[in-house]
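The values are calculated or read from the model by the stated rules, or taken from the named source; none is laboratory data. Since this is a predicted model, take the numbers as computed values, not measurements. Note that each Cβ is placed from the backbone with ideal geometry, even for glycine, and that neighbours are counted across all protein chains shown.
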Amino acid sequence: MKDDPKDLDQLLKETFTNEFRSGYVNAKGVTMTDLYPNIADSIENLKIWDDDVWVCSFPKSGTTWTQEMVWCISHNLDFKGAEVNLTTRFPFLESSARVDNAALIEKFPELANHEFVHDSVKFVEDLPRPRFIKTHLPFQLLPRDLREGRTQAKIVYVCRNPKDVCISFYHHTKHFAFRGDFEQFCRLFLGDKVPYCPFWNHIFGFWNKRNDSSYNILFLKYEDMKSDLISVIQKTAKFLKNAKLFSEELNQLLDHLSFENMKKNPAVNHKSMFEFTKQYLGASGEAEFIRRGQVNQWKTVMSPNILAQFDEWISKNLKTSDFSFESPVKPNIQYIEQFHNSR
Ligand code: PPS
């Protein structure tokens with residue numbers, strides 16, 4: 001049964017606000033925190049450079065994985081340089097809209113100069129070029145010049161099956177003080193009340209522009225990265241600098257991007273961020289950012305009732321689109337075997 005949006009607003013307020021986040025707004029049809037309007041204008045007017053590289057995604061779609069791949073390819077596999085925290089190399093544009101920084105500093109004055117408590121838009125503005133920028137904003141909330149195709153800036157978009165996104169998002173928000181249960185989170189997700197929803201608006205906003213010559217968009221899928229990272233890397237390398245990586249380099253990058261290595265890499269596993277939220281936002285649990293990294297996790301996690309709602313919602317939304325989560329990319333079995341045999 002479909003939830004009344006008013007009931008969902010109430011549920012959101014009850015389960016997902018805390019002393020540093022008081023509520024949500026609807027921005028051009030998108031659920032955003034009520035801190036977002038404070039930075040909306042500076043995002044809208046952000047100067048875009050032709051050599052910008054953006055990674056855009058709905059949350060929990062493999063953004064960090066994609067960022068690290070893009071950064072390493074663009075920096076000729078500078079693994080030493082990649083030891084700097086990803087949040088510095090490849091900052092999150094709207095991170096200032098997550099919690100009320102002023103309230104945080106008032107309570108904890110020692111945070112005044114902390115790297116997680118800065119003006120994130122200004123930080124991006126001042127980055128040395130070429131800039132590498134992460135955002136979860138949907139297409140309609142991107143900076144004007146990027147949205148209107150007035151630049152050569154590159155956008156790498158990554159998407160993931162919404163069932164797995166929802167599970168991953170639930171675990172993430174559970175750490176950042178979501179007080180509801182999984183079923184409630186699914187209701188909010190399907191009712192477009194979780195931040196950055198509606199989900200399909202996000203996907204289609206980029207999917208429908210991917211072949212438009214006014215833009216430079218590479219559209220990737222998490223599931224393809226899992227089944228054939230080699231092809232995704234080659235495709236991304238071509239998109240970014242028209243170069244093909246040699247097999248030796250490819251092996252190094254595959255190793256660097258493996259789930260196991262990313263999980264233990266402090267530059268990308270957001271451990272410091274999780275420790276920060278635990279210490280200052282009262283977040284609980286031993287949550288891990290790089291958690292399971294699986295495809296089709298929903299098969300063992302979602303109840304038949306929730307699954308039926310997801311399936312109905314997916315088929316309704318895909319009816320009018322040529323988008324599909326099925327991938328035409330076939331795993332490069334021969335190369336994968338060679339890779340594993342050579343280790
Ligand atoms: S965020 O907070 O929105 O930026 O999160 P995001 O990076 O988009 O997504 C986090 C999920 O991506 C998984 N991940 C990986 N999967 C496979 N291989 C590698 N190397 C990898 N790195 C990150 C991560 O584990 C999160 O998914 P879940 O399902 O929660 O494990």
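What's the total number of residues in segment 135-189 that are among the basic types (Lys, Arg) and either within 30 Å of residue 49 (Cβ to Cβ) or outside any helix (DSSP H, G or I) (or both)?
The qualifying residues number 6.
What are the residues in segment 128-138 that are within 25 Å of residue 206 (Cα to Cα) and away from the ligand (no atom under 16 Å from the Cβ), if any?
129, 130, 131
Give me the pairs: first residue in segment 132-148 and closer than 16 Å to residue 63 by Cβ and modelled with pLDDT of 95 or more, second residue hydroxyl-bearing (Ser, Thr, Tyr) and more than 13 Å from the ligand (Cβ to nearest atom), beta-carbon distance under 8 Å, and six or more apart or on different chains, which are they?
132/74
Confirm whether residue 273 is within 12 Å of residue 163 (Cα to Cα), surrounded by 14 or more Cβ atoms within 10 Å (Cβ to Cβ) and within 14 Å of the ligand (Cβ to nearest atom).
no
Which condition number does residue 195 fail, the rest of (1) buried (at least 23 other Cβ atoms within 10 Å of the Cβ); (2) within 16 Å of the chain's Cα centre (by Cα) being met?
Of everything listed in (1) buried (at least 23 other Cβ atoms within 10 Å of the Cβ); (2) within 16 Å of the chain's Cα centre (by Cα), residue 195 misses just condition (1).
For residue 158, work out the one condition from (1) within 16 Å of the ligand (Cβ to nearest atom); (2) without any contact (Cβ under 8 Å) to a residue 12 or more places away in the chain it doesn't fulfil.
(2)
Inside segment 307-343, can you point out the residues that are modelled with pLDDT under 85 and among the aromatic types (Phe, Trp, Tyr)?
325, 335, 339
If the Cβ limit is 6 Å and pairs must be 6+ apart or interchain, which residue in segment 235-247 that is at pLDDT 80 or above pairs with which residue that is part of a loop (DSSP other than H, G, I, E, B)?
Filtered contacts from segment 235-247: 237/243; 237/245.
Look through segment 37-65, keep the residues that are under 25 Å from residue 20 (Cα atoms) and more than 16 Å from the ligand (Cβ to nearest atom), and return whichever of them is surrounded by the most Cβ atoms within 10 Å (Cβ to Cβ).
Filtering segment 37-65 for residues that are under 25 Å from residue 20 (Cα atoms) and more than 16 Å from the ligand (Cβ to nearest atom), the one surrounded by the most Cβ atoms within 10 Å (Cβ to Cβ) comes out as 43.
Take the residues in segment 161-181 that are modelled with pLDDT of 90 or more and more than 13 Å from the ligand (Cβ to nearest atom), then tell me which one is nearest to residue 32 (Cα to Cα).
Per the criteria, the residue is 180.
Conditions tested, residue by residue: (1) surrounded by 18 or more Cβ atoms within 10 Å (Cβ to Cβ); (2) acidic (Asp, Glu); (3) modelled with pLDDT of 95 or more; (4) touching a Phe, Trp or Tyr at 6+ places or on another chain (Cβ under 9 Å).
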{"position": "186", "(1), (2), (3), (4)": "yes, no, yes, yes"}
{"position": "189", "(1), (2), (3), (4)": "yes, no, yes, yes"}
{"position": "199", "(1), (2), (3), (4)": "yes, no, yes, yes"}
{"position": "207", "(1), (2), (3), (4)": "yes, no, yes, yes"}
{"position": "224", "(1), (2), (3), (4)": "yes, yes, yes, no"}
{"position": "250", "(1), (2), (3), (4)": "yes, no, no, yes"}
{"position": "256", "(1), (2), (3), (4)": "no, no, yes, yes"}
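Taking residue 82 and the conditions (1) over 14 Å from the mean Cα position of the chain (by Cα); (2) of a type in the set (Gly, Ala, Ser); (3) farther than 20 Å from residue 255 by Cβ, which numbered condition does it fall short on, given that it satisfies the others?
Result: residue 82 fails condition (3) only.
Please verify whether segment 2-13 includes one or more residues that are crowded, with 21+ Cβ neighbours inside 10 Å and among the acidic types (Asp, Glu).
Within segment 2-13 (the criterion being crowded, with 21+ Cβ neighbours inside 10 Å and among the acidic types (Asp, Glu)), the answer is no, since none of the residues qualifies.
Looking only at segment 67-89, count how many residues are within 13 Å of the ligand (Cβ to nearest atom) and loosely packed, with under 15 Cβ neighbours inside 10 Å.
0
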